[in-house]
Structure formats: structure tokens, C-alpha cells
Amino acid sequence: MGYLSLYRKWRPKTFDDLAGQKTVVKTLKNAIEHNRISHAYLFCGPRGTGKTSAAKAFAKALNCEKGPTVNPCNQCFSCEQINSGRSVDVIEIDAASNRRIDEIRDLREKVKFSPSEGDYKVYIIDEVHMLTKEAFNALLKTLEEPPKNVVFILATTEPHKILPTIISRCQRFDFGLLSIQDLSKRMKYICEQEKISVSDGALTMIARSAEGGMRDAISILDQAIAFGGDRVNIEDVNTILGKVDQQILKEIVMVMASHDTKRGLELVNKIIDQGKDIHQFVKDLILHFRDLMLVKECGVQNNIIDLPEEFKLEQMEQAQNFKTSDLLKILEMLSDADQQLRFASQPRLILELTLIKLLSPEVDTSMTNLINRLAKVEEMLESRPSIQERIIVSPKPEVAPVQKIQEKVASQSKINKNVEVKETTKEVLEVAQPAKEESIKEQGVKSISITKDELENYWKVTLDFLNKKSETRKLRAFLLKGKPYAIVGNTIYIVFPQSSTFHKAHAEEEIDKLELVLKKVIGQTVHARCIFEGEEGKIPKRVEEREAGAIPSASEIQDRSEENKPIKLTREQIENDPIVQKTLKYFGGKIIGIEDVDNEH
């Protein structure tokens with residue numbers, strides 16, 4: 001005899017072999033035990049969930065020499081005949097190829113004959129929804145009042161296509177999709193019997209790909225064994241399924257976190273060069289980011305994600321790079337791309353456009369994205385209470401809520417790269433509130449005098465401190481491209497190479513976190529400023545130069561604020577301020593003019 005595929009070889013032979021269908025199994029067993037056997041059953045459910053297997057197990061339970069019994073022996077003549085498909089009392093009909101009224105008329109004639117080998121004659125009509133309307137009508141009377149000891153079992157994947165008059169004459173059983181645990185447990189049992197070594201990660205990957213169908217899962221397992229031999233690992237499963245390697249998914253996650261568009265497009269090109277299916281890649285991304293969202297919300301110790309513990313720990317670490325709102329946005333855009341790819345003639349273009357929108361928010365002019373960007377600006381301003389030290393301090397600022405900015409931008413009929421941000425920037429700057437904590441004078445800000453070696457030691461301790469917390473590790477990664485140059489007064493200057501524009505910009509976005517750590521390390525309030533190599537000449541040589549107007553000191557800001565004299569900074573200082581830079585980036589604009597804040601505001 002030739003090779004028999006695993007799903008045929010290991011088809012469930014008893015009710016106990018059926019995986020996942022506890023309600024169905026319990027009801028059928030009780031019906032047999034209490035002699036409440038109906039004349040017609042309707043088994044509904046997705047493919048590969050055990051409908052036909054349950055029908056054969058039920059037929060054996062009725063016709064076994066020890067029966068009717070809930071535990072057929074699978075050894076008597078009747079059970080062996082049913083297992084081999086040669087029983088004259090168990091008739092399987094494929095409604096897809098025997099759908100006409102003539103076949104049903106023939107069935108009506110033969111159903112009158114008594115069982116030959118067992119106690120019951122069982123008709124299993126598979127894919128019954130394929131019967132024509134005339135065939136259904138011809139079956140109605142026989143189905144309602146069949147001869148004694150005749151049982152009909154109708155199986156279908158699309159019950160909504162069956163006539164209501166047919167459904168009303170049957171006991172309906174709905175077979176649900178199998179869980180990943182049920183699929184994995186059954187496949188593990190099969191592998192043990194076949195003397196095959198398969199890793200838990202590989203079984204989980206197969207189970208997730210099967211999407212709840214046992215037959216699909218066992219077929220994939222059979223293919224994996226053919227590819228990997230008697231030892232199957234997760235790499236073998238990824239290869240046969242055309243899935244992207246987990247390492248590439250991790251890289252995609254880091255690219256999303258750092259908004260590195262260039263690297264993201266390079267990864268897409270790499271995936272396509274490997275011959276991976278773009279639609280499958282997007283599905284893998286959706287599943288991966290769904291796991292990140294659930295891990296972030298529910299923690300590692302949850303039963304929602306069916307993955308090994310070490311996988312969950314890795315995903316928890318990745319999830320720390322995102323807020324829940326960011327993950328929701330990513331999932332929404334990937335889901336939209338998944339829908340578009342079903343009918344796309346240029347799938348690569350769809351993927352690249354989606355990736356660019358995710359990695360470069362400033363190019364997406366949708367209203368949803370605009371609101372998200374404004375929310376980030378609002379959050380940024382709220383997290384920087386000391387902004388008045390860097391831009392303009394007004395003694396009695398009138399608070400302009402960010403909602404006003406949203407209304408102003410939303411009223412524009414079109415947003416483009418030439419948007420004028422003069423008024424918007426002015427309102428954003430006015431949002432800043434004076435710190436509600438102790439005043440700058442009470443903080444006792446002093447000039448810091450340390451050597452070059454001491455500065456390097458402080459810097460090393462600072463980076464180590466940033467590495468201890470997940471929320472500051474990304475900032476540490478950006479700062480590794482720079483190095484401390486000097487401390488003038490209470491400001492530390494960090495120099496970045498000209499080629500590290502990306503790292504400098506992202507370090508400036510989180511400069512407040514760095515200043516908090518520096519304060520803990522040095523024991524005094526410290527401001528941080530990022531510059532490029534070649535700009536060292538702009539750094540003041542002495543604290544006196546700050547007092548001369550190069551960089552206003554904290555005490556000067558406080559004194560002038562009390563005298564109702566707003567501080568005016570140079571155009572260069574305003575343009576280089578991180579808040580201004582980030583605002584320009586989000587709105588895709590440029591500074592066309594700078595106006596003083598009116599004292600009367």
C-alpha cells in the first residue's frame with residue numbers, strides 16, 4: 001500500500017479522539033446512552049473541524065456489535081467495514097457531485113431496504129448545501145418520516161444556503177473552530193506516534209496558520225515533516241508557509257519605533273528579493289503587532305496569546321517602544337492594506353505607501369493623522385514645563401488651548417508643505433505654562449565646574465542609568481551616536497556627527513528625560529543641548545557670555561519676568577529649539593517670520 005497522508009491515517013475513530021468539540025460529543029453520547037437517537041442531524045461548521053469524522057464515529061457507535069455504545073470497539077466486523085469505507089449500511093454521498101433530483105429519487109428508493117450488517121442504516125450527505133432546490137424538495141418527505149432504523153446526517157460548511165424546511169426537520173450541531181491548544185495537543189500526539197521530533201514553537205506556528213482547522217493543521221505538519229525529516233523546527237515551518245523570519249519582524253518593530261523610513265523600505269526590498277508573498281507578510285505583521293498590543297495591555301501572564309513564554313517576554317520588550325494608541329494606529333493601517341492587497345495589481349506599491357505613512361506621519365494629510373500629530377504636540381508641551389527658559393517668557397500669558405489649534409487646522413480645506421505656521425507656532429509657544437513647582441531661584445541653579453574626565457564619567461553613569469529602564473532605552477540608543485563636549489554654566493553640550501541627523505533629532509525630542517537623569521547623576525539642575533560637529537565655536541566660553549545675551553540665565557529669566565520684561569532670544573536660538581523643530585516637522589512647514597509676544601496678552 002502506498003503512503004497514506006497523516007490526516008487520513010489519524011482521522012478520529014471515536015468520540016474521544018475528536019478535538020475541541022466537547023458540547024457536540026457530550027450531546028451525542030447522552031443521546032446514545034439514553035436511547036434518544038433522532039432520525040436526522042445537521043452538522044454545521046468550517047472545514048476541517050470534525051463533521052464527517054463525528055458522523056462516522058456516530059455510525060460506528062450505532063452499528064458496533066457491542067452497541068449502540070458511546071465507545072465503539074473498532075475491532076468488530078461492522079466497525080472495520082465502516083473504517084475502511086466498505087460498509088453497505090453507512091452510505092456517504094457527496095452532494096457536490098450528486099446534487100440533482102435524480103440522485104435523490106434513487107436514494108428514496110433504496111432507503112426502504114433494511115440494514116444488512118448492523119442495526120442502523122446511516123446516510124451521510126456531505127456538503128448538503130450544494131443540492132438543488134428540486135433535490136431538497138424531493139428529500140423533504142423522506143427526511144421527515146424515514147423508515148425505521150434509518151438515520152440521516154447532513155454535513156455543511158454553509159448552513160445559510162439550506163432551505164429552512166430542511167433545517168427544521170434536523171437536530172442542528174454547530175462545530176466551532178479549534179483552539180491553538182487543541183490543535184497543538186493533537187499534532188503532538190500524532191508526532192509521538194510517528195516518532196517525529198517537533199519543537200513547541202513549530203507546533204504553535206502550524207496551529208496559528210491552520211486558523212482553527214484540524215485537517216489544515218495536520219496537512220501542514222505532513223508537509224513540514226516531508227521538508228525537515230524526523231526533526232522539525234520553526235524555521236522549517238516558516239519556509240514551507242512562506243512566512244517572514246522572526247528576526248525580520250523584530251527589525252520591522254524597531255524601524256516602526258524609530259521612524260527610520262529608509263531602513264523600512266530596505267527591509268521590504270529584502271523580503272521581496274527572498275520571494276516572500278507580500279500579502280502573507282502583511283498578515284504576519286498584523287498578527288505580530290496584535291500580539292504586541294495584547295501583551296502590553298494584558299501582560300506576559302495571559303491566556304489570550306497562545307505562544308511560548310520566551311516569545312511573550314521578547315514581545316513585552318518590543319511593546320515598550322510603543323504606546324497603545326500607536327499600536328492601534330499601526331494595526332488599523334495594516335488592516336486597510338490587507339484589504340487593498342486582495343484586489344491590488346501592484347501589491348508592492350500598496351505595502352510601500354503604507355510603510356511610508358506609518359514611518360513619516362508628516363506625509364499623511366488625513367484628518368485622523370492630523371489629530372494624532374496635534375495630540376503629540378500637546379503632550380510634548382505638557383511634558384516640558386521649563387520651556388519658558390528656552391523660548392519667550394511672558395509675565396501673564398494667556399493660555400491658548402491646543403483645541404484652538406486643532407480647530408484652526410481642521411478648518412483648512414487643504415494641508416500641504418507650504419502651510420504657514422507663523423500664527424500656529426505663536427499659539428503653541430503661548431501654551432507653555434510657568435512651572436508650578438518651586439521657582440528657579442528656590443532651586444538654587446548654579447554654574448557647574450567639572451573636568452573633562454569627570455564629564456565623561458558622569459556621561460557613562462547617565463547612559464547606564466538610561467539603560468536600566470525600558471522607557472529610556474531608546475533615548476540611550478540615540479545618544480550613543482553623540483558624545484559630551486563641555487558644560488558651560490549649567491548647560492551640557494552634546495556633539496553629534498553631521499551624518500547622524502536622525503539620531504540628533506530624536507534625542508532632542510526626549511531631551512527632558514535626559515535632563516532628569518542628569519540632575520539625579522550630577523545632583524544639580526542641568527540643561528542639555530545637541531549640536532553638530534563643526535558647531536563647537538558657537539558654544540559660549542564662559543558663563544559671562546550667557547549673561548551678555550548668548551544664553552539667558554535662569555535668574556535673568558526670573559528677574560525679567562517679575563519686571564514684566566519678556567526675554568527675547570535670537571532667531572537662531574528659536575529656530576534650533578527642539579519644540580519649534582518638532583512643531584515644524586509635524587506640520588511640514590517652515591518659519592517665515594518671528595513676532596514678539598505682546599505684553600498685554
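Structural remarks
- Other-chain or far-sequence residues with amide H under 5 Å of Tyr41's (modelled H): Phe152, Ile153, Leu154, Gln171
- Region 237-292 shape via C-alpha gyration tensor axes, a/c threshold 1.5: oblate
- Computed extension length for Phe227-Glu194: 10.3 nm, one decimal, from 0.36 nm per residue of separation with the Cα-Cα distance subtracted.
- Global form of region 1-85, assessed from the alpha-carbon gyration tensor, a/c cut-off 1.5: oblate
- To the nearest 10, the accessible area of Trp10 is 50 Å² with a 1.4 Å probe.
- Oblate is the label for region 152-266, because a/c, from the alpha-carbon gyration tensor with a ≥ b ≥ c as root eigenvalues, is 1.5 or above and a/b does not exceed b/c.
- Unsatisfied cross-links (Cα-Cα over 22 Å) in the set Lys262/Lys469; Lys250/Lys520; Lys250/Lys474: Lys262/Lys469; Lys250/Lys520
- Loop-resident GluC sites (Glu not before Pro) (DSSP state other than H, G, I, E or B) in region 249-332 with no more than 11 further Cβ atoms inside 10 Å of their Cβ are absent.
- Of interest is the spacing of the C-alpha centroids, which for region 11-45 and region 210-229 amounts to 26 Å.
- For region 459-464, 3J(HN,Hα) per residue [Karplus equation, 6.51 cos²θ - 1.76 cosθ + 1.60, θ = phi - 60°, Hz, x = Gly/Pro]: 5, 5, 4, 4, 5, 5
- Phi-based couplings in Hz for region 148-156 (Karplus 6.51, -1.76, 1.60; Gly and Pro marked x): 4, 6, 10, 10, 9, 10, 9, 10, 7
- Over 22 Å between alpha carbons, listed pairs Lys22/Lys141; Lys452/Lys519; Lys323/Lys468; Lys13/Lys243: Lys22/Lys141; Lys13/Lys243
- Once all protein chains are placed together, Tyr7 keeps about 80 Å² accessible to a 1.4 angstrom probe.
- To the nearest 10, the accessible area of Leu328 is 80 Å² with a 1.4 Å probe.
- Taking all protein chains together, Asp126, Asp89 sort by accessible area into Asp126, Asp89, largest first [probe 1.4 Å].
- Region 306-347 versus region 453-476: alpha-carbon centroid distance in Å: 30 Å
The values are calculated or read from the model by the stated rules, or taken from the named source; none is laboratory data. What you are looking at is a predicted structure, and each value in this text was computed from that prediction instead of being measured. Every residue, glycine among them, receives a Cβ derived from its backbone with ideal geometry; neighbour counts consider all protein chains shown. These accessible areas exclude ligands, DNA and RNA; they are computed on the full protein's heavy atoms, side chains included. Shrake-Rupley method; radii C 1.70, N 1.55, O 1.52, S 1.80 Å.
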